Amino acid sequence: MARRGRVDDFWARWRRSAHRARIGLRRSGVDYFRGDGSDWIAMAGLLLTIPAITFATIASPVWIDPAALALPIVAGGLLLRPASLLGLYATAAGALIVEALTLGPYLDGPARVTPGTVLVVAACGFFGLVLAQFRARVGVPWRRGGTMLFDLRERIRVQSALPRLPQGWHREMALRPAGGQSFSGDFVVAARTHGGRTLEVVLTDVSGKGMDAGSRALLLSGAFGGLLGSLPPHGFLAAANGYLLRQDWDEGFATSIHLVLDLDSGDYEIFSAGHPPALQLHAGSGQWEEKSGEGPLLGVYDGAEFDAVKGSLAPGDVLMLFTDGLVEASDRDIAEGIDRLTGEADRYVSAGFEGAAWHLIEACAKDVNDDRALLLLSRRHLREPRRH
């Protein structure tokens with residue numbers, strides 16, 4: 001019994017040790033792929049591949065070329081820190097020397113270590129070291145770089161989401177970055193304020209386009225989202241203008257349009273900062289009307305004033321907010337672009353504007369090399385109660 005107890009204790013201690021080792025290895029792997037842990041796992045794996053490649057090259061140089069040593073070097077440039085990378089390079093250089101001595105001079109036949117092989121491996125090592133130093137300077141491991149960009153894109157998308165509206169209202173938003181990129185200089189922030197009775201929407205077009213404007217758009221969307229609803233409507237653009245001026249960017253201006261809509265009555269105010277006008281479709285007449293407040297660009301000078309224009313959405317009316325990429329191009333002015341937009345929008349009057357935002361961008365500015373955004377708000381006709 002005592003012997004059996006000692007055996008059970010041994011296996012129990014072994015299982016606990018194996019469990020701790022497994023947990024530690026898993027934690028190290030998680031920290032590594034998050035970019036927080038050491039790179040010893042990748043370093044050990046790559047160091048093991050070098051003698052394996054060397055042995056395979058010596059055994060069958062026709063099938064495994066000596067230049068195959070460039071593979072762990074390229075992988076090391078993506079996975080390792082600069083200090084670890086130098087150790088990997090030293091090991092690869094030693095392996096290349098062993099291959100050259102074992103296979104013999106390159107003049108004796110094919111599948112030898114030639115000066116071209118050395119140049120290829122050295123070039124891969126140089127570019128790998130440059131890449132590793134860049135990652136170290138930025139402080140973002142390659143494993144997290146793509147994830148971080150994806151997270152930034154999703155944050156902009158979430159911040160641009162429009163809140164749910166009460167029955168009788170329809171809203172939709174379409175955004176197309178320039179050149180098919182993932183980041184855009186156009187963004188929307190929206191919120192329901194005053195107990196949900198008021199909808200406030202801000203559509204902004206940051207100077208630049210695509211990736212160049214994406215970082216500034218992310219910063220501004222967070223700041224504008226914090227300001228929206230915290231200030232009275234007439235003070236929002238003035239505060240946004242002051243915030244933009246404090247950034248002191250070389251290319252720091254933006255256009256913006258701020259809609260304040262009463263969801264009970266349909267009455268609204270529009271404040272504009274150098275932005276293209278909004279367009280309202282009057283269901284009664286079938287005519288489009290331009291609605292634009294008065295105000296300069298954001299980030300140009302301090303003390304700017306922004307005057308509102310008022311209106312009201314009756315049942316069946318539609319309001320469109322958009323950026324200049326949708327209506328302005330090098331071969332046409334903005335008035336011509338607005339005429340084209342309203343002409344395309346007339347096709348949806350009878351069938352309704354559900355799903356129309358994306359199609360309008362496709363019809364009016366499909367191949368335009370600029371960021372394009374379109375926001376549609378429509379007030380549906382109230383259904384009459386059934387009569388028995």
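The values are calculated or read from the model by the stated rules, or taken from the named source; none is laboratory data. As the structure is a computational prediction, the values presented were derived from the model and not from experiment. Don't worry about glycine lacking a Cβ; one is built from the backbone with ideal geometry, like all the others, and counts go over all protein chains shown. Please note that ligands, DNA and RNA were not included when accessible areas were found on the heavy atoms of the full protein model with its side chains. Shrake-Rupley method; radii C 1.70, N 1.55, O 1.52, S 1.80 Å.
Some observations on this one:
- Selection of segment 65-104 for residues being open to solvent by 60 Å² or more (accessible area, probe 1.4 Å) and either of a type in the set (A, V, I, L, M) or within 19 Å of A123 (Cα to Cα) (or both) yields D65, L71, V74, L78, R81, A83, L86, A90, I97, V98, L101.
- Among the residues listed as A335, A314, A308, the single one being open to solvent by 10 Å² or more (accessible area, probe 1.4 Å), part of a loop (DSSP other than H, G, I, E, B) and hydrophobic (A, V, I, L, M, F, W, C): A314
- Here S256 meets each of (1) closer than 13 Å to G293 by Cβ; (2) of a type outside the set (F, W, Y); (3) part of a helix (DSSP H, G or I) with one exception, condition (3).
- All positions within segment 277-305 that are open to solvent by 40 Å² or more (accessible area, probe 1.4 Å), closer than 26 Å to L244 by Cβ and in a strand (DSSP E or B): E290, E294
- Among the residues of segment 259-270, those identified as in a strand (DSSP E or B) and open to solvent by less than 10 Å² (accessible area, probe 1.4 Å) are L259, L261, Y268, I270.
- Every residue from segment 227-250 that is part of a helix (DSSP H, G or I) and closer than 12 Å to V202 by Cα: L227, P233, F236, L237, A240
- Subset of segment 360-371 that is in contact (Cβ under 8 Å) with a residue 12 or more places away in the chain and either part of a helix (DSSP H, G or I) or not charged (D, E, K, R) (or both) - its residue that is most open to solvent (accessible area, probe 1.4 Å): N369
- Filter pass, E328 being acidic (D, E), open to solvent by 40 Å² or more (accessible area, probe 1.4 Å) and in contact (Cβ under 8 Å) with a residue 24 or more places away in the chain: yes
- Some residue of segment 178-196 being touching a helix residue (DSSP H, G or I) at 6+ places or on another chain (Cβ under 7 Å), open to solvent by 10 Å² or more (accessible area, probe 1.4 Å) and among the hydrophobic types (A, V, I, L, M, F, W, C): yes
- The number of residues in segment 108-133 that are modelled with pLDDT under 80 and surrounded by 12 or more Cβ atoms within 10 Å (Cβ to Cβ) comes to 4.
- The one condition from (1) under 19 Å from R372 (Cα atoms); (2) part of a helix (DSSP H, G or I); (3) open to solvent by 30 Å² or more (accessible area, probe 1.4 Å) that A217 does not meet is (3).
- Number of positions in segment 338-359 that are open to solvent by less than 40 Å² (accessible area, probe 1.4 Å) and part of a helix (DSSP H, G or I): 8
Residue-wise test of (1) among the hydrophobic types (A, V, I, L, M, F, W, C); (2) in contact with a Gly (Cβ under 7 Å, 6 or more places away or on another chain).
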position	(1), (2)
A308	yes, yes
S312	no, yes
M320	yes, no
G325	no, no
D339	no, no
T342	no, no
R347	no, no
S350	no, no
